[in-house]
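Okay, structure first, notes after.
The values are calculated or read from the model by the stated rules, or taken from the named source; none is laboratory data. These figures come from a predicted structure and were not determined experimentally. When we count neighbours, we look across all protein chains shown, and the Cβ atoms used for this are built from the backbone with ideal geometry, even at glycine.
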Amino acid sequence: MSPTRISEQTRTRAQALRRDQTKGEKMLWRALRELKAEGIRVRRQAPIGVYVVDFVVFSRKIVIEIDGDVHALGKQMAHDRRRDTWLRSQGFEVVRYSSLEVADNLEGVVLDIRRRFGLN
């Protein structure tokens, strides 16, 4: 394990997820990149501990997740709860949007995210 406590396996998984983003993740990523001009640096498919989060702003300790249909299944829901609990124990706020919400209301999702950062 590296000095930053991110295993090589987790780093490799993050790289693969960056290459193979979902449609919703791609849509939101285009919008979130524009926040850089306002001093908000968003990272995508970033490793935190043993997990890889969809998006994170480390300076604000906010994780943004885009959930597809699989996240509504029992086993995945339990995994997400454990993961969110651990992330919160590390000081992160976890914000979740459905992929359907991103596809149907990207502007609303971006406005909600901007509001969380005190931008508007």
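A compact table of results
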read-out: Residues located in the stretch 15-45, provided they are over 16 Å from Gly118 (Cα atoms), modelled with pLDDT of 90 or more and among the small types (Gly, Ala, Ser); value: Ala31
read-out: Out of Ile113, Ile66, sole residue that is without any contact (Cβ under 8 Å) to a residue 60 or more places away in the chain and within 13 Å of the chain's Cα centre (by Cα); value: Ile66
